[in-house]
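Structure record follows, encoded as structure tokens.
The values are calculated or read from the model by the stated rules, or taken from the named source; none is laboratory data. All values reported here derive from a predicted model rather than from experimental measurement. Cβ placement follows ideal geometry from the backbone for every residue including glycine, while neighbour counts extend to all protein chains displayed. Heavy atoms of the whole protein, side chains included, go into the accessibility calculation; ligands, DNA and RNA do not. Shrake-Rupley method; radii C 1.70, N 1.55, O 1.52, S 1.80 Å.
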Amino acid sequence: MPGRLGNGGYRSMSGGKQIVSRLYTPTMGTRLLVVDDDPAIREMLSDYLSGHGYEVAVADGGAAMRAELERARPALVLLDVGLPGEDGLTLARFVRERYDVGIIMVTGADDVVDRVAGLEVGADDYVAKPFDPRELRARVKSVLRRLESKTPDRKSIAGIIAVGACKLDLRSRQLSDASGRDVPLTAMEFALLKTFLDHPNQVLSRDQLLSLTRNRDWEPFDRSIDIRIARLRRKVEEDPDRPRSIRTVRGAGYMYVPPST
């Protein structure tokens, strides 16, 4: 059974070369990319995760990561924070702005700041070193399940998504009410609504909303996000005073709950 993984916890058997392990013909959503400068950790994770049915590619830094992303899109990236050169947080921001994939940050045991920063730049989860591979695999499965829950249905494939009591056309950025009448939507409101749609059933803090919408005009602590969410609720909720779609999670932020089907 594999042991706990830490910095330098295992000796490399590959001489530091990149490893791509395949157990079977890959299917959509099973490809993982491990980005870590420690060859021993790359090798252990490649062997362990491929042994549980995943197709695993590895990279030792930013340049190799970009090459792998272009070669074949993974479903999820396992990204070490403490990389030399471009650090993991910089690379996580690069990935989130360009690719619709899951991200799990790998941090030091006491690096609370790195964990928070990772979530703020758009990571889906984190795991601290040293970690048990079984815990990491459980987190991988959890993130992949959440990503699968975002798979668009037939209506959303056509660009139309139900949002509360309204429907949003992603292509034209037009919101319409239950009677088909247009509901005015500002660019800022669309960016915020799109962020919620991309992260269903996830609690997003004000700082995360600021980062995910990539709007630098907002001040994270001036409650401007609260004001915009209140305006959105008046447009999409049947009862804005008792919101069912954009819910407040006291002390944590907001969560979008898709309509039940």
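Whole-Hz Karplus values for the stretch 62-78 come out as x, 5, 5, 4, 4, 5, 5, 5, 6, 6, 7, 5, x, 7, 8, 10, 9 Hz, taken residue by residue from phi with 6.51 cos²θ - 1.76 cosθ + 1.60 and θ = phi - 60°; glycine and proline positions read x. Extension gain, ASP177 to LEU147, is 8.0 nm, computed as 0.36 nm per intervening residue step minus the present C-alpha separation.
Here the spin labels are modelled as points 7 Å beyond Cα on the Cα-Cβ line, and at ARG231 and ALA252 they lie 2.7 nm apart. Expressed as a whole percent, the accessible area of the stretch 66-136 that falls on carbon and sulfur atoms is 49 (1.4 Å probe).
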